[in-house]
1. Can we say Val100 is surrounded by 12 or more Cβ atoms within 10 Å (Cβ to Cβ) and closer than 27 Å to Met142 by Cα?
2. For segment 195-219, how many residues meet the condition of being of a type outside the set (Asp, Glu), under 18 Å from the mean Cα position of the chain (by Cα) and away from the ligand (no atom under 14 Å from the Cβ)?
3. Being surrounded by 14 or more Cβ atoms within 10 Å (Cβ to Cβ) and not in a helix (DSSP H, G or I): is that true of Ser36 here?
4. Is there a residue in segment 149-171 that is aromatic (Phe, Trp, Tyr), closer than 18 Å to Lys120 by Cα, in contact with a helix residue (DSSP H, G or I) (Cβ under 9 Å, 6 or more places away or on another chain) and in contact (Cβ under 8 Å) with a residue 12 or more places away in the chain?
5. Only residues that are within 14 Å of the ligand (Cβ to nearest atom), surrounded by 12 or more Cβ atoms within 10 Å (Cβ to Cβ), of a type in the set (A, V, I, L, M) and part of a helix (DSSP H, G or I): list them for segment 53-96, please.
6. From Lys176, Lys110, which residue is within 23 Å of Asn198 (Cα to Cα) and among the charged types (D, E, K, R)?
Amino acid sequence: MNLIEAIENRRSIRAFKADPIPDEILKKILKAAGRSPSYTNTQPWEIAVVSGKKRDELSRELYKTASSDTPVTPDIPKPLVWPEELERRSKEHGERRFKVLGIGREDTDKRKNLRLLNFKFYGAPAVLFIFMDKNLGEWSIMDIGMFAQTIMLSALEYGLGTCPQAALIDYPHIVKKYLNIPESKKLVLGISIGYPDNEALINTYRSMRVEMDEFVKWF
Ligand SMILES: Cc1cc2nc3c(=O)[nH]c(=O)nc-3n(C[C@H](O)[C@H](O)[C@H](O)COP(=O)(O)O)c2cc1C
């Protein structure tokens, strides 16, 4: 696949087939991601690949916790306020997704259930949790963003889809407990990975983008 095509084709997948991913393929993707750029080549990423029984156990625990409206305690705090225009885009994204699924404004149960699917990893057979040392900050998060995008683009080469999920960092203590990760690490991002279920309605959703001229100034 041509690189520009891959960038344009990548989208978040929110329904996967259960088919397992061969380890060899996961290794190729992660090896490619290891070539991502990082601040003074510090390569701050540490990654846990979770599948099989462990994936199922962790999913059950996260799902149960999120279902009971347990307050979230992410290691990377979410902004309290977003600039108005970004808030508008975020709301539009949510509404357009609900519309694809025919979920109305008043249907709070269905809306909640859609969020809860995050914790089932959208049915993906594997999930990647990315950690970094707790003393690191924004610079390393920037590196991890690049690492994550390299994973997501490389996955396309093997017919795999991905969904980066901030939801998966809502309860870091659970993830660390299940994966035996020390408290000296911050959980930065979760990425569900697997073969896309192209029949699923949710996967027909396409996100919008602002026009290039809205975010570029030429000098
Ligand atoms: C840091 C980050 C966190 C995200 N968290 C979630 C999430 O918790 N659940 C989800 O379904 N999608 C999540 N997404 C996916 C975004 O909603 C998606 O990237 C955006 O709407 C653009 O759509 P696209 O990825 O299909 O191009 C996240 C994306 C990023 C980069």
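Since every read-out is calculated from the coordinates, none of them should be taken as a lab result. These figures come from a predicted structure and were not determined experimentally. Positions of Cβ are backbone-derived with ideal geometry, glycine not excepted, and every protein chain shown enters the neighbour counts.
1. no
2. Total satisfying the criteria: 1.
3. Judged against the criteria, Ser36 is a match.
4. Going residue by residue through segment 149-171, those that are aromatic (Phe, Trp, Tyr) are 158, 171.
Filter once more, keeping what is closer than 18 Å to Lys120 by Cα: 171.
Right, trim to in contact with a helix residue (DSSP H, G or I) (Cβ under 9 Å, 6 or more places away or on another chain) and you get 171.
Applying the additional criterion that residues be in contact (Cβ under 8 Å) with a residue 12 or more places away in the chain yields 171.
The answer is yes; a qualifying residue exists.
5. Residues satisfying the conditions are Leu62, Ala66.
6. Working: Lys176 fails: within 23 Å of Asn198 (Cα to Cα).
None of the others qualify; the one that does is Lys110.
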